[in-house]
Every structure is written in structure tokens, then in C-alpha cells.
1. Excluding residues fewer than 8 places away in the same chain, name every one of the lysines whose C-alpha is closer than 20 Å to that of residue 189.
2. Relative contact order for region 22-102: what is it in percent, counting Cα pairs under 8 Å that are at least 6 residues apart?
3. Mean residue ellipticity at 222 nm from the helices of the chain, using -39,500 (n - 2.57) per DSSP H segment of n ≥ 4 over the full residue count, to the nearest 500 deg cm²/dmol?
4. Taking 0.36 nm per residue of separation and subtracting the Cα-Cα distance, what length does fully extending residue 48 through residue 21 add?
5. For the charge dipole of the chain, defined by +1 on Lys and Arg C-beta atoms and -1 on Asp and Glu C-beta atoms about the Cα centroid, which residue among 84, 148, 186 has the Cα displaced farthest towards the positive pole?
6. Once the piece of chain linking residue 78 and residue 97 is laid out straight, how much longer is it, given 0.36 nm per residue of separation minus the C-alpha distance between them?
7. Enter the accessible area per residue of region 1-141 (Å², integer; probe 1.4 Å; all protein chains in place).
8. Could you check how much of the accessible area of region 15-107 is carbon and sulfur, as a whole percent, using a 1.4 Å probe?
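The values are calculated or read from the model by the stated rules, or taken from the named source; none is laboratory data. Note that the structure is predicted; figures quoted are calculated from it, not measured. So basically every Cβ, Gly included, is an ideal-geometry build from the backbone, and we count neighbours across all protein chains shown. These accessible areas exclude ligands, DNA and RNA; they are computed on the full protein's heavy atoms, side chains included. Shrake-Rupley method; radii C 1.70, N 1.55, O 1.52, S 1.80 Å.
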Amino acid sequence: MTRQRRMFLAGVPSHVIQRGNNRNACFFNEQDYLFYLKFLGDACLRYNVSLHAYVLMTNHIHLLMTPADDGATSRVMHSLGTRYVQYINKRYRRSGTLWEGRPKDSLIDTRNYLLACYRYIELNPVRAGMTRHPGEYRWSSYWAHAFGRNDPLIKDHDEFLALHPDHESRQRCYRELFTEEFPIALLNKIRGAASCSRPLGNARFIQQVEAASNRGLVRIDDIGSAGATGRVGGARRVRSE
């Protein structure tokens, strides 16, 4: 079966997901998270990719990145994945793979879905039942966006900066986004697009991606409800990712 060609376009944000093999853990202690973030920062700097949001879960990661050229995100993920596996194998005296195949990725329609993708990523610990609020989780970009904590990995996207011209007011606007329940239909769209590595956007965005990539695409519009039940952040649990 022919492997699907990755779709990363210069200047277009991508939501990237990478899971541990068989959904096993890929982080085992604090130092592992710190090393992964260091390798991530090194790779983004080397290949000129802007990181806008992230969360490191126990057995998978979410990244929101914009590359300066079409192949840069692929190079970041290859370099990052290889270095981190080498680090884990040496540290824990193991061998073999750590990741479950290639990362999943979804091009994001900036105007309609980018800030929703920020929230989707940073709410992952809440959906997983690990915390009641994203601010309680250490390994994400939430504090950089919501409270202005210095995070050298993060490069703010223009859509985030457009929330408000004043820095503190922008942080307040961002925090207010998390006071609203995340719509299940929107969650399913983001999750569905990422799971099958398809762009997430309206018809015009899909047409632009098709033109830029010279590929015909199946439109990800109303993704089905597979994998999502209940309320996000409410009493009922949904699976993370």
C-alpha cells in the first residue's frame, strides 16, 4: 500500500500528533520531558519552524507549528523523533522503536480554526482527567499564552496576537476562551482531521491547499462522532488526543 505523502506547506500551520508505540508511555520522568523540549527547540531553530502551541502527554504529543518552507516540519519531526529515541534507549538501556509510525498531521485554516486548535491542544490534560484546568498541567504552552510566562519555544502567531494589542489584555482574552465549554462538534472536526492527516478548513481553504499541493483532497467538513462522548471539561470524560 502506498504511503500517504505528508502535507506541510510553507506559512500554513500544521497540527501534528505523535503517539507512543501501542500507546505506551514515551515520557517516564521529569528529565525526559525537559530533554524532549530541548530537542524540539533545537530542531525548530535549525529548520526555521515556528512553534505556536504544544502539550506533552504521557504517551503522545501535540504540536502546532508553521514551517518557513514546505519540507521543514517533516525535518523537525524526523530529527526530533530520532534524537529522542536515542536518548530514551540509552537512558533506560532499551532498544527498538518508541513511536507508533509516522506522526499524524493536519493543515489548519488559520482564520477559522487556529485558536480552536490552541485550546484543543492545551485542554488535552483536562480531557484525559489528569487535571481540572489546563493551568494545572506543567508540560504545555498554556501558561505562556494565558499568563505571559517566558517560554523560549513559543513564537506567537498573528492570530493570537490579534486577540488584543495590549499584552496583558491579550492574556486575559485568551484565558476567557477557556471559560467556555469546548463544543463536541468542533472537537470531532479537529480530532478527525488529524487522525486521517487531512486539512481542517472551509471549502476555500481546501481549494487553496489543493492548488498549492497539486493534490485532490477529500474535504474534512462534518467529521463523525467517533471517539467523542460527553462534555469537555464537565462531569463526563472523553478520551484525550
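1. Partners found: 104.
2. Relative contact order here is 31 percent.
3. Working: 9 runs with 99 residues, N = 241.
Helices in the chain give a 222 nm mean residue ellipticity of -12500 deg cm²/dmol.
4. Gain in length upon complete extension: 6.9 nm.
5. Of the candidates, 84 comes out farthest on the positive side.
6. Net length gain for the segment: 5.5 nm.
7. I get 44 Å² per residue for region 1-141.
8. Details: 1920 of 3980 Å².
Solvent-exposed carbon and sulfur of region 15-107 make up 48 percent of the total.
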